[in-house]
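In what follows, a single structure is set out as structure tokens and then discussed.
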Amino acid sequence: MKTATISIIIITCILVLFSACGHRNSSAVSGITGEKNPAKKKEAGKIVFDKEIHNFGTLKNGEIVSYSFVFRNSGGSPFSIFKAEKSCGCIDIKFNNSPISPGEFSSVELIFNTEGEWGNQIKGATIETSEGERKELQIGAYVENKQFNNLLNTQK
């Protein structure tokens with residue numbers, strides 16, 4: 001009887017040890033692979049423009065006009081405008097390259113010089129953020145140019 005009681009006690013102790021070790025190991029493993037409810041990983045910054053196309057309507061040759069495209073960071077971390085490329089030399093681009101925090105607003109201004117332009121014009125700029133996002137902004141206008149109109153009218 002003594003042997004049976006000792007055997008039961010030893011088996012119980014071994015089972016308790018295994019279950020405790022198993023519990024401790026599962027915690028260690030979840031610590032390596034991630035907890036059951038890990039903190040949410042921050043979402044990357046995301047540039048969202050209110051409007052990506054603007055039409056100036058009819059302009060006269062030589063006018064200089066501008067439009068500010070407003071955007072906000074709708075992501076979870078800051079970003080900045082990394083690069084801005086224009087489609088032609090008649091456009092200038094102004095922007096702030098400071099980091100834009102989540103929820104903050106900023107703008108990209110396109111300045112269009114109509115000197116030497118004629119007829120329907122569509123110009124653009126490509127904006128690239130530090131998060132690797134690329135957005136295309138476009139401006140359009142019909143440019144009246146008397147010099148070109150006269151040239152066309154005399155050749156009829």
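All of the numbers you see were taken from the coordinates with simple rules; none came from a lab. In this text, all values refer to a predicted model and were calculated from it rather than measured experimentally. Methodologically, a virtual Cβ is constructed for each residue, glycine included, from the backbone with ideal geometry; neighbour enumeration extends over all protein chains shown.
Points worth noting:
- Residue in region 38-46 that is assigned to a strand (DSSP E or B), in contact with a strand residue (DSSP E or B) (Cβ under 8 Å, 6 or more places away or on another chain) and buried (at least 16 other Cβ atoms within 10 Å of the Cβ) present: no
- Of the strands (runs of 3 or more DSSP E) contained entirely in region 60-156, those carrying at least 1 residues that are loosely packed, with under 15 Cβ neighbours inside 10 Å and of a type in the set (Val, Ile, Thr) fall at 64-73, 119-129.
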